[in-house]
Amino acid sequence: MDRDGAWDEAVELAERTRAAVWASPMSGRCSFPEDHALFAGFLPPVRRLLAAKLANYDVVVVLGAPIFTYHVQSDGPFVPASVQLFQMIDDPEAAAWAPVGSSLLSTLRLGLTRLLELVEPSARPAPAPLVRPPLPEQVEPIPPAFVLHTIVQVMPANAVMVEEAPSHRNDLHDYLPICHSNGFYTGASGGLGYSLPAAIGIALADPTRRIIGLLGDGSSMYSVQGLWTAVQHRLPITFVILNNQEYAALKSFSRMFNTTEFPGVDLPGIDICAIARGYGCETRRIDRASDLALALTRSFSSSGPVVIDVIVDRAEIVLY
């Protein structure tokens, strides 16, 4: 919806039908305001877990997304047998690949506009609102959730989030809701190396908005040379590095597959600020929670790129 400019139509359809709205797994954009009363949360990219999330519904309408994108192999049905599934999408390959349901090939804005002409307002009760977790504490070592909560408290209203911090995706969902169109970008595959250069490209396309590149320390290493381009063009980007000195997502996967002593996933001794300064970028290293809000606020008013290296808690992470 976001790519086709159908954000408002999606909101109107949800409100007219009083339907719960789930974000599709591994979505590269945000297509519905995550602070809306009908927003239900994020579907997990695991077949078994996703089907369980949809078990209480009789009809599921998938708008602009594949059926479905998974990140971890598991067995089980794509959706419960009792669920009728309909897909509207502008990608014929995704429609042909869909393993279940009925697909309608259409651009989203055109399709939703026509659908709204046919759908009458529903009188059924609205679904129960999404329950958010308690706010994170200001402690050391800094919890990643506290970083995300602090960002949302001080970021400019029209800022754009470009994310590649897979270890912290659950905290992102809980504490940093995306509430406006064209406000979020990420890779849709779970691979690494996309978001640092993507943040630069988005800033080049629209230098009037502050870009926030939210990256893991491991993710930042895949295309760190892009900082040079950001510096040369004085792009308005704040790169926030959630630095836990490891590939925590891979450690989580290794536990899922009962693999011990997974090699190559610890990242000690990388001086991210020194690397960034080598490309001419302004930097700040944060290891005290009390320093974070001011560092972020100052970076958002900078005329060029800033790297904020936040040393975060290395607590064990469970992704799915």
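Just so it is clear, none of the values below were taken in a lab; they were calculated from the coordinates. Worth saying up front: this structure is predicted, and the values here are computed from it rather than measured. With ideal geometry, Cβ positions are generated from the backbone for all residues, glycine too; neighbour counts draw on all protein chains shown.
What the table shows:
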{"item": "Listing of strands (runs of 3 or more DSSP E) fully contained in segment 1-77 that carry 1 or more residues being of a type in the set (Gly, Ala, Ser) and touching a Ser or Thr at 6+ places or on another chain (Cβ under 8 Å)", "result": "21-23"}
{"item": "Which listed residue is more than 26 Å from ALA205 (Cβ to Cβ), polar (S, T, N, Q) and touching a helix residue (DSSP H, G or I) at 6+ places or on another chain (Cβ under 9 Å), from THR283, THR229, THR260", "result": "THR260"}
{"item": "Tally of residues being outside any loop (DSSP other than H, G, I, E, B) and polar (S, T, N, Q) across segment 132-170", "result": "4"}
{"item": "Residue match in segment 127-134 (condition: touching a residue at least 24 places away in the same chain (Cβ under 8 Å), in contact with a helix residue (DSSP H, G or I) (Cβ under 6 Å, 6 or more places away or on another chain), within 30 Å of ALA315 (Cβ to Cβ) and of a type outside the set (D, E, K, R))", "result": "yes"}
{"item": "Any hit, segment 89-98, residues being among the aliphatic types (A, V, I, L, M), under 29 Å from ARG255 (Cβ atoms) and not in a loop (DSSP other than H, G, I, E, B)", "result": "no"}
{"item": "Set PRO125, PRO80: member being surrounded by fewer than 18 Cβ atoms within 10 Å (Cβ to Cβ), assigned to a loop (DSSP other than H, G, I, E, B) and in contact with a Leu (Cβ under 9 Å, 6 or more places away or on another chain)", "result": "PRO80"}
{"item": "Any chance PHE146 is of a type in the set (Phe, Trp, Tyr) and buried (at least 20 other Cβ atoms within 10 Å of the Cβ)", "result": "yes"}
{"item": "Residues that are closer than 14 Å to ASN170 by Cα and either aromatic (Phe, Trp, Tyr) or over 22 Å from the mean Cα position of the chain (by Cα) (or both), drawn from segment 120-146", "result": "PHE146"}
{"item": "Selection from segment 259-276 of residues that are surrounded by 13 or more Cβ atoms within 10 Å (Cβ to Cβ), among the aliphatic types (A, V, I, L, M) and over 23 Å from PRO143 (Cβ atoms)", "result": "ILE275, ALA276"}
{"item": "Among residues of segment 277-296, those that are more than 15 Å from TRP228 (Cα to Cα) and either of a type in the set (A, V, I, L, M, F, W, C) or exposed (fewer than 14 other Cβ atoms within 10 Å of the Cβ) (or both), counted", "result": "9"}
